[in-house]
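Okay, structure first, notes after.
The values are calculated or read from the model by the stated rules, or taken from the named source; none is laboratory data. Quick caveat: nothing in here was measured; it's all calculated off a predicted structure. Neighbour counts run over all protein chains shown; Cβ positions are idealised from the backbone, glycine included. For accessibility, only protein heavy atoms count, side chains too; no ligands or nucleic acids. Shrake-Rupley method; radii C 1.70, N 1.55, O 1.52, S 1.80 Å.
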Number of protein chains: 2
Amino acid sequence: MRVNRTLSSLLALTILSSATAIAANTKPDAPIKPKNIVFVIGDGMGPAYTTAYRYYKDDPNTDEIEPTIFDRLLVGMARTSPAKVSGYVTDSAASATALSAGVKTYNGAIGVDEHKHPVTTLLEKAKATGKSIGVAVTSQVNHATPASFLAHNESRKNYEQIAEAYLDSDADVIIGGGQRYFSDDLIKKFEQKGYQYLNQFEQLDAVQSGKVLGLFADVQLPWVLDNPQGHQLSKMTDKALSLLSQNDKGFVLVVEGSIIDWAGHGNDIATVMGEMDEFANTLATIERFINTHPDTLMVVTADHDTGGLTVGANDKKSWNPAILHKLNASPQTIVSTFTAQDNWQDTLIQKLGFKPSDEEWNTLIAAKNDKDSKLTRAIIDLVNIRSNTGWTSDDHTAVDVQVFAMGPASKLFIGSQDNTEIAKKLDSLLPPSKSELMKKSVANK
Amino acid sequence: MRVNRTLSSLLALTILSSATAIAANTKPDAPIKPKNIVFVIGDGMGPAYTTAYRYYKDDPNTDEIEPTIFDRLLVGMARTSPAKVSGYVTDSAASATALSAGVKTYNGAIGVDEHKHPVTTLLEKAKATGKSIGVAVTSQVNHATPASFLAHNESRKNYEQIAEAYLDSDADVIIGGGQRYFSDDLIKKFEQKGYQYLNQFEQLDAVQSGKVLGLFADVQLPWVLDNPQGHQLSKMTDKALSLLSQNDKGFVLVVEGSIIDWAGHGNDIATVMGEMDEFANTLATIERFINTHPDTLMVVTADHDTGGLTVGANDKKSWNPAILHKLNASPQTIVSTFTAQDNWQDTLIQKLGFKPSDEEWNTLIAAKNDKDSKLTRAIIDLVNIRSNTGWTSDDHTAVDVQVFAMGPASKLFIGSQDNTEIAKKLDSLLPPSKSELMKKSVANK
């Protein structure tokens, strides 16, 4: 068992001297400051989400447990509490404002401080330096997280106002869901400003340049579990990277795995794992981009944990993800597609991928006889019990979230940091804006 | 709102060039490899424990939230799954064997691999290089975690065999609880080997040198909540550091906040916070030692999460630690001290530090009329509800744990790592053992 200690000491020295490069995921030939920044947010993705995802993806036929892209890119953690007026547990609006502008604010605030005054965001600052900017998300594009980068509003609930405000954001790429919040009139105004408006996901393929407003769903994009070959977030990200990188001055892109959080609110572990899988695909897409564009920094974090997910529960030392791979639709879709069918039980078995026990059937039938939403919940509960997944809430919790980074300056994000510090660090990596350059030039005269 | 970007760019460069030193918590004058290692384990201390502790310690009268020592020292995270035969959720024995010997094994294994073969541990390797070694814990000294560093047994339950095995460990300092597992005969054997045996905590003060076996309780040491001025873990650690550092060749000390886990199994958030507080005091004690001994590395981690603790629960965006500061005894002790009293309700109010509501009294009285253990649980539940604390299990969960480090080579621990890698990295920092030096000398002739 004993390894040769002289050899292992040499190894230690080698590891030590290269530790920074390894840990900071930076290529030796990368510049010290990035030209491009991709800021990726997994909404609701607390630390249990990435752990669960690793074991969900584990190949049970090998002895080892394969590390995920999260494991490769982890550099630190972030503290997420909002301004004290809102206690210790943040919502997505306060957290996104912290991440976009470096300011603690109240829950519900979109790009405004505690006194409801607008605060300048990372994307606005980047635009002022001549860079291109964009957002690509799986919720409506005017949902709290992207809104806090592109707009200023005292309440996240003012969806129409936020959509209107996007007209003045000068963002180059705005893609996701949310058709219901953009009137024909508003879309016309976007087109008058030079935007190409897309309302079909497939149209994205043909776009080669210019500004884009793409709304591919009434509200959210479909669950990954209901559209496994869609790869919508990674495809949107890929397209955004190709459009934004046409600017010689670089770009800042915000990407959000928005509905990881929504599935977490529903305590729906199978749907969560589907969203996490496409989120991981998206990180891999960005990683490939960085491999050919080493002047690009990717920073990934979450805004908060959702649901109090725990990997194991119910007084048992186990977590059993195998059952999650059997489902071939989300519980929500399973129920909505067969409510009127006589043979709903056969369809349910087919969609679940496994046959409930007699006792489980009793619960499911009772729930169906009550109402459809109860049946959805009964299916979710059944999957939680079989996988031994724990949840403590349908709301957010305060646990610190992780920070992942790759590319130039990624070592800035090592260790524990407040979420506002992430914004400040990213800000410090932007070049001087035009107005600042002008001031500087005046001062030098 | 806009900061001067040229200034902030300069700041970024400054941060970048010093990021490694900041993140790795290493003094500029420290050697590249440590002479001494202090390996600290918070048993059961999942990521929600350190988050909860920050908000528990927060001064509500300031706008900011004061960072803790955990925030200052965080460098990475660790993956804790045991050998696949035991699934994805580890126990303390498999995890401690991973941390001590770099080997994945089955739940219950003490310093043995999957085939029940002994594996050489960090402390055994350190001893073979001429260093002093020791353990200081708050459970019985022969509990799973310290046992996996000093003994080899197919089962953690074989407490007497493990205690016997300690005789041959040649450990210089063994302090904690566990009198019931050490017979008079066994203690005599320790004394014949030159150990000073102590059975009163106060005796520790007088010890100035030599080997020590100190057993200060029948099983576990008292809860911090029942002995707030005791500071037993930090005092034991301080004494261990002063004894072990008398060896010119250095030392390796394992410190465990053992019963953070036990309070977690009980889902008892007030008792957990008491244990966390003394654990943080202990880290501060070690930090002070490193400040005067910059050749010392401290690495801190947890073996696993316990209880599926969540900071917030019950569909509410809040966590309310103020209530936890009111209790002046642990729920267990509250109940055991007044079971026979007529005026138990008055005593309960006094010990809790707050008056239960009528509805809460109904629950407590019903539980007391049933049995004492139910009353303890009812009090714990009451505190969980008032603080809005979530738990999903009385057992462990699989969420990744954090890694904290300070001192030479601390940057080795940046990022995500398997728990076995922590052992391998620490191993790589030890000098060659005597037998290896002899081999090398023969080879050179």
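Overview of results
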| quantity | calculated |
| --- | --- |
| B:D184 accessible area, assembled protein chains, probe 1.4 Å, Å² | 120 Å² |
| Centroid-to-centroid separation of segment A:111-153 and segment A:352-380 [C-alpha atoms, Å] | 42 Å |
| Farthest positive-ward along chain B dipole, Cα basis, beta-carbon charges - from B:S234, B:G134, B:G274 | B:G134 |
| Computed lengthening from B:N328 to B:D168, 0.36 nm per intervening residue step minus Cα-Cα distance | 53.4 nm |
| Dipole moment magnitude, nearest 20 debye, segment B:207-333 about Cα centre, only Lys, Arg, Asp, Glu C-beta charged | 240 debye |
| For B:V112, distant residues with modelled amide H under 5 Å away | B:V119, B:N153 |
| Hz values of 3J(HN,Hα) by residue in segment A:196-210 - Karplus curve (6.51, -1.76, 1.60), Gly and Pro given as x | 8, 9, 10, 10, 10, 4, 5, 5, 4, 3, 7, 6, 10, 6, x |
| Cβ-placed point charges (K, R +1; D, E -1), dipole of the protein assembly as shown about Cα centre in debye, nearest 20 | 3020 debye |
| Shielded by partner chains, segment A:382-412 residues - at least 40 Å² of accessible area, 1.4 Å probe, vs chain alone | A:T392, A:D395, A:A398, A:V399, A:D400, A:K411, A:L412 |
| Lys, Arg +1 and Asp, Glu -1 on Cβ, resulting dipole of segment B:37-185 about Cα centre, debye, nearest 20 | 480 debye |
| For B:V212, distant residues with modelled amide H under 5 Å away | B:V173, B:I174, B:Q196 |
| Chain B shape via C-alpha gyration tensor axes, a/c threshold 1.5 | oblate |
| Note, ³J(HN,Hα) from phi for segment A:353-364, Karplus 6.51, -1.76, 1.60, rounded to Hz, x at Gly and Pro | x, 8, 9, x, 6, 4, 5, 5, 4, 4, 4, 5 |
| Å² per residue, accessible surface of the protein assembly as shown at 1.4 Å | 36 Å² |
| Accessible area buried at the A-B interface, both sides summed, 1.4 Å probe (Å², nearest 100) | 7200 Å² |
| Lysines whose Cα lies under 25 Å from that of A:K368, excluding same-chain neighbours fewer than 8 positions away | A:K326, A:K351, A:K355 |
| Label point 7 Å beyond Cα along the C-beta direction, distances from A:S336 to other copies (nm, shortest first) | 5.5 |
| Label point 7 Å beyond Cα along the C-beta direction, distances from B:D185 to other copies (nm, shortest first) | 9.5 |
| Segment B:283-294 - phi-based ³J(HN,Hα) in whole Hz, Karplus 6.51/-1.76/1.60, Gly and Pro as x | 4, 5, 4, 5, 4, 4, 4, 5, 4, 9, 10, x |
| Amide H within-cut-off set for A:V403, under 5 Å, with H built and near neighbours excluded | A:V75, A:G76, A:M77, A:A78 |
| Cut-off 12 Å between beta-carbons: net charge of the residues surrounding A:T145, Lys and Arg +1, Asp and Glu -1 | -4 |
| Environment charge of A:D303, counting only residues whose C-beta is closer than 14 Å and scoring Lys/Arg +1, Asp/Glu -1 | -4 |
| Pseudo-label separations to other copies for A:D170 - Cα-to-Cβ vector, 7 Å, nm | 7.3 |
| Antiparallel %, DSSP beta bridges [both residues in the protein assembly as shown], to 5 | 30 percent |
| Förster radius 45 Å - calculated FRET efficiency between B:R288 and A:D248, Cβ distance, rounded to 0.05 | 0.25 |
| For B:D226, net neighbour charge (Lys/Arg +1, Asp/Glu -1) across residues whose Cβ lies under 14 Å away | -3 |
